[in-house]
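The structure appears below as structure tokens.
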């Protein structure tokens with residue numbers, strides 16, 4: 001064991017090495033690295049990185065799971081080579097985080113050794129492992145047994161116990177209010193959710209805010225809570241209730257909707273009681289979610305704050321890094337500005353001569369259809385340039401859907417629900433002063449006007465929905481629309497309740513769609529929609545996460561990555577860069593891997609590592625991204641930059657392609673991680689800058705003014721004369737001309753966001 005190891009760790013039992021992989025894998029790797037002349041501490045770091053990067057790899061006969069790899073690593077004799085210095089490094093802490101997160105292997109004496117030799121690293125790993133969510137794990141027992149070995153560990157255990165207690169209190173409260181509604185079906189839960197939404201989440205005045213916003217709350221937290229309650233129902237509800245037959249739907253509507261919309265004497269009392277119980281259930285779910293976000297996840301993943309115990313039982317947050325806290329919110333502001341950038345680009349595209357005078361749909365719907373078209377065009381631009389999405393995408397059934405038509409379909413759906421449901425309801429509520437009266441008038445008006453469904457929740461068969469929306473797929477090639485395309489698009493946006501319930505009830509891993517990502521809810525033969533979601537949801541994020549979060553393993557994903565790289569290369573070439581795409585190093589440097597994009601200009605060499613993921617919503621998701629995808633990208637980029645530096649002196653062809661003379665090699669080499677997400681923006685990984693792809697696009701196009709809503713498309717306010725003048729004579733990023741040196745200053749100095 002190394003000199004800094006302290007007391008030795010007992011040899012771990014060789015428990016359950018995965019089939020096809022022996023615990024000796026990591027021992028052999030370490031011996032090989034040292035045998036090749038590597039420094040032992042460097043070799044130990046490489047072995048730790050190998051574990052974090054998912055080694056050992058799959059073989060032809062066996063594809064190891066994460067549990068297999070955990071058993072393989074934590075049962076290896078290599079652990080005896082690691083000392084406190086190794087466990088205190090970033091890969092060491094991340095490895096310990098994984099150890100504390102698993103329960104396949106217990107290494108006798110490891111936690112006690114760490115508590116004595118490197119308590120700071122142990123406490124960080126303890127936090128990162130999110131042990132508050134698994135208080136009964138054997139790893140927690142080991143931590144409690146070692147708590148008296150160091151004051152830091154003892155304090156961390158006390159904070160953990162307090163948070164566990166607070167978490168349990170909230171879970172008990174949630175279960176208390178789940179009880180009165182445990183016999184509801186998922187459909188009935190959504191009926192109550194829809195009444196709740198019209199009461200509290202939809203404005204009751206045309207210029208007003210929803211009731212929850214007026215009370216200081218946020219609508220999106222209520223949507224999240226309702227989404228969580230739907231998942232609870234899918235986990236616990238009998239499978240038969242998820243296939244909605246007409247008779248069953250009729251019973252549910254009669255009990256959970258009709259008493260409010262079409263009241264009879266004494267009929268609504270039970271429904272009012274259920275609505276009150278549902279409101280309390282939502283409040284309990286929000287309280288749990290807020291606690292997890294603001295306390296648990298802050299403790300686990302927010303290093304800008306520190307938890308201290310007041311009077312030994314009350315956790316208190318102290319801000320210790322204002323800059324880090326500010327950066328998190330600044331990154332959020334960046335994310336908020338980006339949809340406006342793409343909307344302005346779509347607006348200018350639509351205003352071009354070949355589109356400006358095109359009529360879309362019937363004359364009475366033209367203005368709304370035009371708005372839907374521009375919004376769909378904006379998302380299409382973003383999907384194509386940032387995420388590499390092609391003209392066709394594959395849905396869950398394997399059918400191909402036209403991407404732009406799918407986006408337009410969703411935007412037209414949103415406008416329909418806004419104009420035919422939300423606006424009449426809000427106008428009625430403002431006139432009558434009573435949201436229930438307005439909801440009744442809306443429902444009755446729909447029935448009297450050709451038996452249209454204007455209920456707080458709508459439903460139809462899949463075939464009927466296809467028939468009604470085929471007209472939305474009209475093109476020059478299909479002047480009457482395509483029923484097959486309408487079906488493919490509909491399936492692309494559909495959330496199948498039965499299949500999701502099956503997965504959840506079997507406790508299989510996977511990602512559950514959120515209501516805004518796939519807004520058509522499939523209950524067997526019926527499709528259910530929530531007008532209060534469809535009318536307000538962020539369709540831009542719905543499209544991105546539908547493709548990149550839920551369907552990341554589509555067959556088109558590899559081609560999309562190539563398109564991202566190709567589009568960035570074209571932007572660089574327009575600015576005068578010599579560009580090389582997907583360069584493979586020679587055999588002797590093949591371990592560096594393929595280089596996505598290389599560009600040279602003005603004595604500067606740029607090496608870009610491209611990563612494409614989805615839009616995240618929490619500190620936990622951001623931390624996972626930083627410690628997996630971005631950490632690995634930094635290591636990959638290091639190998640690639642080293643390979644290029646070594647080869648540029650000997651490879652004349654490579655230098656010529658990049659516009660360099662071997663006698664005047666580039667003085668500056670820049671390695672940048674270019675990522676489609678905003679998380680960890682402008683941080684460094686293995687010394688390399690991480691920058692968002694959208695910032696790169698804005699910087700190369702020099703159109704940052706579009707981030708500031710110059711036409712008032714987001715605010716709804718027409719631009720002032722001053723704004724219009726500024727737009728025409730806006731300050732350029734490259735007023736003295738584009739140079740590589742200025743480009744570096746623009747990106748590294750975040751000048752794109754200067755007016756944020």
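The values are calculated or read from the model by the stated rules, or taken from the named source; none is laboratory data. This one's a predicted model, so the numbers in the text were calculated from it and none came from an experiment. Please note: Cβ atoms are built from the backbone with ideal geometry, for glycine as well, and neighbour counts cover all protein chains shown.
State whether one or more residues within segment 282-293 are within 24 Å of the chain's Cα centre (by Cα), more than 16 Å from residue 226 (Cβ to Cβ) and in a loop (DSSP other than H, G, I, E, B). No, segment 282-293 contains no residue that is within 24 Å of the chain's Cα centre (by Cα), more than 16 Å from residue 226 (Cβ to Cβ) and in a loop (DSSP other than H, G, I, E, B). For segment 373-414, the set of residues classified as over 19 Å from residue 517 (Cβ atoms), in contact with a helix residue (DSSP H, G or I) (Cβ under 7 Å, 6 or more places away or on another chain) and part of a helix (DSSP H, G or I) consists of 373, 374, 377, 381, 385, listed by residue number. Consider segment 633-644 and keep the residues that are touching a helix residue (DSSP H, G or I) at 6+ places or on another chain (Cβ under 8 Å) and surrounded by fewer than 21 Cβ atoms within 10 Å (Cβ to Cβ). The one that is nearest to residue 301 (Cα to Cα) is 635.
With respect to the conditions (1) in contact with a helix residue (DSSP H, G or I) (Cβ under 8 Å, 6 or more places away or on another chain); (2) modelled with pLDDT of 90 or more; (3) under 16 Å from residue 189 (Cβ atoms), residue 227 lacks only one, and its number is (1). Being surrounded by fewer than 19 Cβ atoms within 10 Å (Cβ to Cβ) and over 28 Å from the mean Cα position of the chain (by Cα), is that true of even one residue in segment 686-694? No. Against the definition (more than 26 Å from residue 460 (Cα to Cα), free of Cβ contacts under 8 Å to residues at least 60 places away in the same chain and crowded, with 21+ Cβ neighbours inside 10 Å), how does residue 210 come out, yes or no? In short, yes. Of the listed requirements (1) within 30 Å of the chain's Cα centre (by Cα); (2) at pLDDT below 90, residue 237 misses just one: (2). Is it fair to say residue 229 is part of a loop (DSSP other than H, G, I, E, B) and outside the structural domain of residue 505 (by TED's automatic domain parsing)? The answer is no for residue 229. For the criterion of being surrounded by fewer than 20 Cβ atoms within 10 Å (Cβ to Cβ), out of contact with any helix residue (DSSP H, G or I) (no Cβ under 8 Å at 6 or more places or on another chain) and within 30 Å of residue 390 (Cα to Cα), residue 594 passes. Considering each residue of segment 509-521 in turn, at least one proves to be in a strand (DSSP E or B) and either modelled with pLDDT of 90 or more or crowded, with 21+ Cβ neighbours inside 10 Å (or both).
When the residues of segment 439-466 are filtered to those that are over 37 Å from the mean Cα position of the chain (by Cα) and assigned to a helix (DSSP H, G or I), the one that is surrounded by the fewest Cβ atoms within 10 Å (Cβ to Cβ) is 448. Across segment 597-625, the qualifying residues are those that are touching a helix residue (DSSP H, G or I) at 6+ places or on another chain (Cβ under 6 Å) and part of a helix (DSSP H, G or I), and the one among them that is farthest from residue 514 (Cα to Cα) is 623. Restricting attention to segment 294-317, the residues that are part of a loop (DSSP other than H, G, I, E, B), in contact (Cβ under 8 Å) with a residue 40 or more places away in the chain and at negative phi total 2. Looking at the structure I just gave you, is residue 264 out of contact with any helix residue (DSSP H, G or I) (no Cβ under 7 Å at 6 or more places or on another chain) and free of Cβ contacts under 8 Å to residues at least 12 places away in the same chain? Yes, satisfied.
Out of 269, 244, 257, report the one residue that is over 22 Å from residue 173 (Cα atoms) and more than 35 Å from the chain's Cα centre (by Cα).
Exactly one of 269, 244, 257 is over 22 Å from residue 173 (Cα atoms) and more than 35 Å from the chain's Cα centre (by Cα), namely 269.
For segment 415-423, does any single residue satisfy the condition of being buried (at least 20 other Cβ atoms within 10 Å of the Cβ), in a helix (DSSP H, G or I) and over 29 Å from the mean Cα position of the chain (by Cα)? Within segment 415-423, one or more residues are buried (at least 20 other Cβ atoms within 10 Å of the Cβ), in a helix (DSSP H, G or I) and over 29 Å from the mean Cα position of the chain (by Cα).
Of the residues 97, 89, 65, the single one that is modelled with pLDDT under 95, outside the structural domain of residue 628 (by TED's automatic domain parsing) and either farther than 30 Å from residue 288 by Cα or within 28 Å of the chain's Cα centre (by Cα) (or both) is 65.
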